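> One structure coming up, written as structure tokens, with questions to follow.
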Amino acid sequence: QVRLVESGGDLVQPGGSLRLSCAASEIMVSLSDMGWYRQAPGKQRELVARSIRGGLSDYADSVKGRFIISRDDAQNTVYLQMNSLKPEDTAVYYCHAYSGEYWGQGTQVTVSS
């Protein structure tokens with residue numbers, strides 16, 4: 001059974017940083033495009049960042065220059081480094097494997113002073 005388990009969400013002050021992790025099992029992240037999405041209260045889920053096999057990445061305009069998606073194939077894990085966090089980054093963040101359309105359970109990120 002494929003599992004994607006996110007971790008690293010927390011309460012952080014504006015301007016702070018967090019690193020989210022997505023540990024995968026029964027699926028090899030090296031063989032799938034992987035993404036991070038987020039959903040804020042009352043809003044639709046939106047793409048934050050996507051890591052494409054072959055090394056390319058793309059980002060939502062709202063996070064360009066602040067967030068970095070990366071993967072560790074040996075650890076079968078995908079990361080999202082989030083810097084210069086803003087209150088509008090507050091959301092539940094979800095990991096997504098495009099191969100098979102799998103989702104994690106989400107991890108809460110709250111940016112507040």
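Just so you know, all these numbers are worked out from the coordinates, no wet-lab data involved. Predicted model only: the values in this text are computed from it and were never measured. Don't worry about glycine lacking a Cβ; one is built from the backbone with ideal geometry, like all the others, and counts go over all protein chains shown.
> How far, in nm, would the chain grow between Ser30 and Arg45 when pulled straight, counting 0.36 nm per residue and subtracting the alpha carbon separation? Don't skip to the end; give the middle numbers.
Values: separation 15, 0.36 × 15 = 5.40 nm, distance 2.44 nm.
Gain on stretching Ser30 to Arg45: 3.0 nm.
> Taking only the alpha-carbon positions of the chain and ignoring solvent, what does the Debye formula give for the base-10 log of I(q)/I(0) at q = 0.10, 0.15, 0.19, 0.22 Å⁻¹?
Per q value, in the given order, log10 I(q)/I(0) is -0.25, -0.57, -0.92, -1.21.
> Residue-wise, which Karplus ³J(HN,Hα) couplings in Hz belong to segment 87-92, taking 6.51 cos²θ - 1.76 cosθ + 1.60, θ = phi - 60°, and x for glycine or proline?
Karplus-based 3J(HN,Hα) across segment 87-92 equals x, 6, 7, 4, 4, 8 Hz.
> Just how far, in whole angstrom, is segment 8-23 from segment 71-94 if you go by their alpha carbon centroids?
Answer, in whole Å: 7.
> Continuing with the same structure: How much length is gained on full extension from Val2 to Gln81, taking 0.36 nm per residue of separation minus their Cα-Cα distance? Mind showing how you got there, number by number?
Numbers: separation 79, 0.36 × 79 = 28.44 nm, distance 2.38 nm.
Gain in length upon complete extension: 26.1 nm.
> Given a Förster radius of 25 Å and the C-beta distance between Arg19 and Arg53 as r, what FRET efficiency does 1/(1 + (r/R0)^6) yield to the nearest 0.05? Each step should come with its number before you reach the end.
On the way: r = 22 Å, r/R0 = 0.88.
Rounded to the nearest 0.05, the efficiency is 0.70.
> Taking Cα pairs under 8 Å and at least six residues apart, what relative contact order does segment 1-62 come out at, in percent?
That works out to 23 percent.
> Still on this structure, please answer the following. Hey, can you rank 69-76, 90-97 by average C-beta count inside 10 Å, highest first?
Numbers: 69-76: 14.4, 90-97: 21.5.
Highest-to-lowest ranking by the protection proxy: 90-97, 69-76.
> Also: Tally Lys/Arg at +1 and Asp/Glu at -1 over every other residue whose Cβ is under 14 Å from the Cβ of Gly9; what's the total? Walk me through the numbers on the way to the answer.
Working: positive: Arg19, Arg38; negative: Glu6, Asp10, Asp89.
Every neighbour counted, the sum reads -1.
> On to the next question. Considering Cα pairs under 8 angstrom that are at least six residues apart, work out the relative contact order of the chain and quote it in whole percent.
Details: 281 pairs, mean separation 42.2, N = 113.
Worked out over the chain, it gives 37 percent.
> First select every other residue whose beta carbon is under 12 angstrom from the beta carbon of Val111; then total the charges, Lys and Arg +1, Asp and Glu -1. Can you show the working numbers first?
Numbers: positive: Arg38, Arg66, Lys86; negative: Asp10, Glu88, Asp89.
So the surrounding residues net to 0.
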